[in-house]
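Notes follow once the structure below has been shown.
Values quoted throughout were computed directly from the atomic coordinates according to the rules given, and no laboratory measurement underlies them. In this text the structure is predicted, and so the values were computed from the model without any measurement. Cβ atoms come from the backbone with ideal geometry, glycine included; neighbour counts cover every protein chain shown.
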């Protein structure tokens, strides 16, 4: 146990990442940071609530990592380089051990991406974690959802569906062979410690016509691009990238449903004009990011998915939606 100020000091000590552009960090009523000339500031915020975004009993270090990762994924989708973060933590009690572990998980990812924690808040109540991140992008270079055009190619990084499969593995852990248990651990790792595609987002500046991070499900998130751009999209189900763990544990039909509608992916879905396709594939290859061509942008609205026989699929849901 400890006081509120003990917890703040613990977070401050455990998450320090020095940056030359931080004039005043934690400890004052506000932080003072310097935005370089010719750069624009990209700001994003996400909240994780116990029982909604993570299961009770999730390791605090995993919560600290993910709370930052989901926000860095938003910066990645905008093509922004991470810089600073704010952390608001609501706890049922002043649990020093919990806070220390959470700060360690947060700091592990923050150091990797050179994110300085410059302020925040702690309060009492149901467990929730809010993080606001600030990133930098050259003026006019931010990736948006509204630039997709008819004829563009639709692509996605990494693999889809692993996050929601990890949630299933935690909710209903079966008795498994050692090999299948290892595959389930891979899926849980994808759920609890997603890797934000920051390098990929930066590489797509000037190449992607539109971009979004897949946090609520591919169909719903690509649908946001279509709505913002005034276009439709057609996907080929046979092209959706799925991991070996997902396919082996859930089979073809269910793994496809997970890939189309499952949240917690934190991959990038983006569109590219055909003349920029090869350059985009080359640049993403340089940053070590897998990428798959999954469809195209068409006239109309909404997202349709064609199966391997040429027919149209009707998924059971579209994506995660709060208050639905």
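General observations
- Gyration tensor verdict on region 84-219 (Cα atoms; rounded if a/c is under 1.5, prolate if a/b is larger than b/c, oblate otherwise): oblate
- Were the residues from residue 28 through residue 314 laid out at 0.36 nm apart, the gain over their Cα-Cα distance would be 97.6 nm.
- Where N is the number of residues in region 4-138, Cα Rg divided by 2.2 N^0.38 Å: 1.01
- Seen from all directions on average, region 153-306 presents a Cα convex hull projection of 8.9 nm².
- Shown for 54, 98: other C-beta atoms within 10 Å of each C-beta, ranked fewest to most, produce the order 98, 54.
- Cα-Cα pairs of region 202-268 separated by more than 18 Å (percent): 44
- Mean ellipticity per residue at 222 nm, deg cm²/dmol - from DSSP H runs of n ≥ 4 across the chain, formula -39500 (n - 2.57): -11500 deg cm²/dmol
- The GNM of the chain, with springs linking C-alpha atoms under 10 angstrom apart, assigns the highest mean-square fluctuation among 309, 224, 53 to 309.
- Among 105, 166, 51, residue whose mean-square fluctuation peaks in a GNM of the chain (springs only between Cα atoms under 10 Å): 51
- Distance between the pseudo-spin-label points of residue 236 and residue 92 (7 Å out from Cα toward the beta carbon): 5.1 nm.
- Rg ratio (alpha-carbon, reference 2.2 N^0.38 Å) - region 20-74: 1.52
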